[in-house]
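The values are calculated or read from the model by the stated rules, or taken from the named source; none is laboratory data. Note that the structure is predicted; figures quoted are calculated from it, not measured. Glycine gets a Cβ as well: all are built from the backbone with ideal geometry, and neighbour counts include every protein chain shown.
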Amino acid sequence: MRIVIVGAGLVGTSLAEYLLKERHDVSIIETNADTIERVRDKFDLLFVEGSGSNPRVLHEAGVANADLLLAVSPDDEVNILACSFAAQVNVPKRIARIRDLDYIHPPLHINLEALGVTKLIDPEQAVVNSIIQFILTPGAIEAASFENGKILLREFAVSSEMPIAGKNLMEFQALTDSQHVLLMTIVRNDRAIIPSGEIVIEAGDEILALFPLSSRSKFLEMLNKEDQPAKKIIISGDNLTAFKLAQSLDGLAEEVIWACQNREYGRWAADRLDRIEILHGDSTEIELLKEIHAERAEFFVACSKNTEHNVLAALLAKSQGVRETIAISDQPPRSDRLLRSVGIDHVINPRLTTAMSILDHVHRGRMLSEIRIRDMDLEAVRMLAGNNSRITELPLYKAWKPLARKAIIGAIIRDEQLILPRGDTQLKTGDQTIIVARTHTIPDLVKAFKER
């Protein structure tokens, strides 16, 4: 595909990195010359200096021949105008990153699609969705979802008191009680294992499982965990992410307390949130954490725009006895391991989360690297079975032999229905599959699923 990206920030460059790996023809528009110089050497693509709202700049970037425009600059109006101009030269798909609530929930009957936007991406909501994944399954090491949250991918550490400890793969399946839970990977001694029938799950292992949302209760039961709403969740921050998180937690927790530093913003939010307790205060002050009894909270979410503030607040909350902490960080992904090592349970990067959300829409029906699983040589990918592809010729127990122990199919989506694969399952053209695979196996998957 020919793709034009407006904005060379972390979102734009993350998108470019993934799209170039898939051999798309990419160009980037960026207003800041210093930003272009900083990232030019990393990417073999065309950079055009200027605004995405300028028709001449769009023309120089090749928009007239583009299949897709990704408008991800920090300026909502620039993104909308770029989509509008792209629509007038018949670019089929035009995705805009929009932050302003007046565009997302307009007070007037305004149709952004009429202005040229075929898909709107809300960065704050993308971050909130990532946070909710961890709250839905407490104790998860990694959490991701597919198909708009209908399919969950979770990584958990195994302890000796869990019913799955000491069970082989067949016994694991028996524990599912006919509900759909598939063991995708076992991580043992920092080595990822694609499981086979004889392997036994041991205490100290970390397992990666895939299951539909309807099987969440059964999966938690297998881990000796109760599927009950959190009793208490604390939010720290004074921005739109904190507000949208508070909205989303209504019903997911018995008590939600929001510590907001900005008194005026807190009053604005209080007028719109009925069942959320909003306090004016700084969550980096230990007295406030004691006052709100942080030790009783299952989750503490630090989601201000300041990474340092989030890290400090999360560490203080952890010291007070909060079970799990989640911190929003705008630092490079390589710093995530450091933050986890000092006691923060989960780190979420808003711009990378936004980029992944956009890619999910770009590639729906194509291959997409959804998630790199920790520091393992593993990725969860979505693949589409192409017309007359090798993978559709035989039942899986035969067609999958060359890929055995290198990759495993966790789910098949056919006509919006979820199918858990068996050996005698035969893929059909157009089936979408969710696969966990070793990174070096991805090219082999692409060949197997490619249309012929």
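Table: residues versus (1) in contact with a helix residue (DSSP H, G or I) (Cβ under 7 Å, 6 or more places away or on another chain); (2) under 21 Å from Ile348 (Cβ atoms).
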residue: Ile234; (1), (2): yes, yes
residue: Gly237; (1), (2): no, yes
residue: Ala242; (1), (2): no, yes
residue: Ala253; (1), (2): no, yes
residue: Asp271; (1), (2): no, no
residue: Asp274; (1), (2): no, no
residue: Glu277; (1), (2): no, no
residue: Thr284; (1), (2): yes, yes
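Taking region 201-220 as the region of interest, how many residues are surrounded by fewer than 17 Cβ atoms within 10 Å (Cβ to Cβ) and either in the same structural domain as Leu378 (by TED's automatic domain parsing) or polar (S, T, N, Q) (or both)? Qualifying residue count, region 201-220: 2.
Here's the yes/no breakdown for (1) closer than 13 Å to Val4 by Cα; (2) aliphatic (A, V, I, L, M):
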residue	(1), (2)
Val48	yes, yes
Gly52	yes, no
Val63	yes, yes
Leu69	yes, yes
Asn79	yes, no
Ala82	yes, yes
Arg94	yes, no
Asp100	no, no
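Please work out if Glu416 is at pLDDT below 85 and in contact with a strand residue (DSSP E or B) (Cβ under 8 Å, 6 or more places away or on another chain). Here the answer is no, as Glu416 does not meet what is asked. Restricted to region 274-356, the set of helices (runs of 4 or more DSSP H) holding at least 3 residues that are in contact (Cβ under 8 Å) with a residue 60 or more places away in the chain comprises 307-319. Could you run through region 253-280 and say how many residues are exposed (fewer than 13 other Cβ atoms within 10 Å of the Cβ) and touching an Asp or Glu at 6+ places or on another chain (Cβ under 7 Å)? Residues meeting the conditions: 1.
The residue list Ile193, Ile207, Ile164 contains one member that is modelled with pLDDT of 90 or more and farther than 23 Å from Ile419 by Cβ, which is Ile164.
When region 281-325 is limited to residues that are within 15 Å of Asn239 (Cβ to Cβ) and touching a strand residue (DSSP E or B) at 6+ places or on another chain (Cβ under 6 Å), the one that is surrounded by the most Cβ atoms within 10 Å (Cβ to Cβ) turns out to be Val301.
The residues in region 194-213 that are out of contact with any strand residue (DSSP E or B) (no Cβ under 8 Å at 6 or more places or on another chain) and of a type outside the set (S, T, N, Q) can be counted, and the count is 1. Taking the criterion of being crowded, with 16+ Cβ neighbours inside 10 Å and either more than 20 Å from Ala380 (Cα to Cα) or touching a residue at least 60 places away in the same chain (Cβ under 8 Å) (or both), the residues of region 176-194 that qualify are Thr176, Gln179, His180, Leu182, Met184, Thr185, Val187, Ala192, Ile194.
Yes/no per residue for (1) modelled with pLDDT under 85; (2) out of contact with any strand residue (DSSP E or B) (no Cβ under 8 Å at 6 or more places or on another chain); (3) surrounded by fewer than 20 Cβ atoms within 10 Å (Cβ to Cβ):
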| site | (1), (2), (3) |
| --- | --- |
| Ser357 | yes, no, no |
| Asp375 | yes, yes, yes |
| Val381 | yes, no, no |
| Arg390 | no, yes, yes |
| Leu420 | yes, no, yes |
| Thr439 | yes, no, yes |
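Scanning region 269-281 for residues being more than 15 Å from Ala294 (Cα to Cα) and touching a Leu at 6+ places or on another chain (Cβ under 9 Å) gives a total of 1.
Screening Asp25, Asp76 for residues that are within 23 Å of the chain's Cα centre (by Cα), touching a residue at least 24 places away in the same chain (Cβ under 8 Å) and surrounded by 15 or more Cβ atoms within 10 Å (Cβ to Cβ) leaves exactly one candidate, Asp76.
Remark: Lys401 falls outside the filter, which requires a residue to be surrounded by fewer than 17 Cβ atoms within 10 Å (Cβ to Cβ), touching a helix residue (DSSP H, G or I) at 6+ places or on another chain (Cβ under 8 Å), modelled with pLDDT of 85 or more and not β-branched (Val, Ile, Thr). Scanning region 154-174 for residues that are closer than 24 Å to Ala407 by Cβ and not β-branched (Val, Ile, Thr) turns up Arg154, Glu155, Phe156, Ala157, Lys167, Asn168, Leu169, Met170, Glu171, Phe172, Gln173.
What residue, of Gly266, Gly251, is at positive phi and either touching a Leu at 6+ places or on another chain (Cβ under 8 Å) or not assigned by TED's automatic domain parsing to the domain that holds Ala174 (or both)? One residue alone meets the criteria, Gly251.
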